[in-house]
Amino acid sequence: VYKNMAGVIRQPSFILHDLIFLNTLPESEWQNGFAEIIKHACIKDAAMFKELEANSIKKYKNNKTLVCDLIQRNAMIKIKVVQQDEHEQGERRLLNFGHTLGHALENQYELSHGQAVAIGMVYASKISEQVAGFKDTNRVAGVIEKYGLPTYAEFDKEQAFSVLKMDKKRERKEMNYILLNKIGKGIVKSIPLSNLQLLLTNL
């Protein structure tokens, strides 16, 4: 089964987030949610990344003003990106940071979406070191771990690549991989599939 191979775009008229529903969430779902928040910080908001480093799930749970501001901030990041690129031809691709490998792992293993994306973000950071000169993989892995999510993991790289190469971001013999130039600055890098396979094998 492959994810995100087809979809129908329907933009909402408004977004309603009622914080009372957060009270019903188990810890695991808070962790899953923070995977997406960390993703947004990595690609678009260095200041929010520093805030995440300074805080914790426990602190956000206990401070409704803090968590409300965080939710609003993340909603605005996604809204702006989607409005600028409704059909995912450029800027919107950044929202897939961690998802290329993440989807491949989610299909293979008993992982939640947040867990799979968290692992995908760490390995995308490692690839960013080699392709874009990124220097803060340890910070990315550190904040992911702080919010209860997995970082490095043992997985069948050959099998993961066989699923990964079917990703929607593939264009002929290249993959538009989402990497980091620095924290808060995501980039789209076209990597030949043969090079990507080698990069993944050597991680």
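Bridging of K126 to aspartates and glutamates at a Cα separation below 14 Å is possible for D136, once same-chain residues fewer than 8 apart are set aside.
The alpha-carbon of K80 sits under 19 angstrom from the alpha-carbons of these aspartates and glutamates, leaving out residues fewer than 8 places away in its chain: E36, D45, D69, E88, E91. For segment 143-203 and segment 21-79, what is the centre-to-centre distance using only Cα atoms, to the nearest Å? Between the Cα centres of segment 143-203 and segment 21-79 lies a distance of 23 Å. Straight-line reach from K59: taking Cα to Cα under 22 Å and skipping same-chain neighbours fewer than 8 places apart, the lysines in range are K39, K50, K146. Under a 5 Å amide H cut-off, with hydrogens placed 1.01 Å from N, R170 pairs with N176 among residues at least 5 apart or on other chains. Once you order the gyration tensor axes a ≥ b ≥ c over the Cα atoms, which shape class does segment 110-203 get: rounded for a/c under 1.5, otherwise prolate or oblate by comparing a/b with b/c? Note, shape of segment 110-203 comes out oblate. Once you order the gyration tensor axes a ≥ b ≥ c over the Cα atoms, which shape class does the chain get: rounded for a/c under 1.5, otherwise prolate or oblate by comparing a/b with b/c? The shape class here is prolate. Considering only trypsin sites (Lys or Arg not before Pro) in DSSP loops that have at most 16 other Cβ atoms within 10 Å, the longest stretch of the chain without any of them is 11-134. Over all other residues within a Cβ to Cβ distance under 14 Å of P150, the charged ones net out to -3, with Lys and Arg as +1 and Asp and Glu as -1. For the pair M76 and K64, the difference between a 0.36 nm per residue extended length and the Cα-Cα distance amounts to 2.5 nm. Our coupling estimate for segment 56-63, obtained by passing each phi through the Karplus curve with A = 6.51, B = -1.76, C = 1.60 and θ = phi - 60°, is 7, 4, 4, 5, 5, 4, 8, 10 Hz, Gly and Pro reported as x. The H on the amide N of D45, modeled in the peptide plane, is under 5 Å from the matching H of G184, each at least 5 residues off or on a different chain.
Sparsely packed loop sites in segment 57-141 (the GluC sites (Glu not before Pro) outside DSSP H, G, I, E and B with at most 13 other Cβ atoms within 10 Å) comprise E86, E110. Take every pair of alpha-carbon atoms less than 8 Å apart whose residues are at least six positions apart; their mean separation over the length of segment 60-172 yields a relative contact order of 20 percent. Computed from the C-beta positions of S112 and A132 and an R0 of 25 Å, the FRET efficiency is 0.35 to the nearest 0.05.
A helix-only calculation puts the chain at -17500 deg cm²/dmol for mean residue ellipticity at 222 nm, using -39500 (n - 2.57) for each DSSP H run of at least four residues, averaged over all residues.
Bear in mind these aren't lab numbers, they're just calculated from the coordinates by the rules spelled out. Bear in mind the structure is a predicted one, so any value in this text is a computation, not a measurement. Note: ideal-geometry Cβ built from the backbone for every residue, glycine included; neighbour counts use all protein chains shown.
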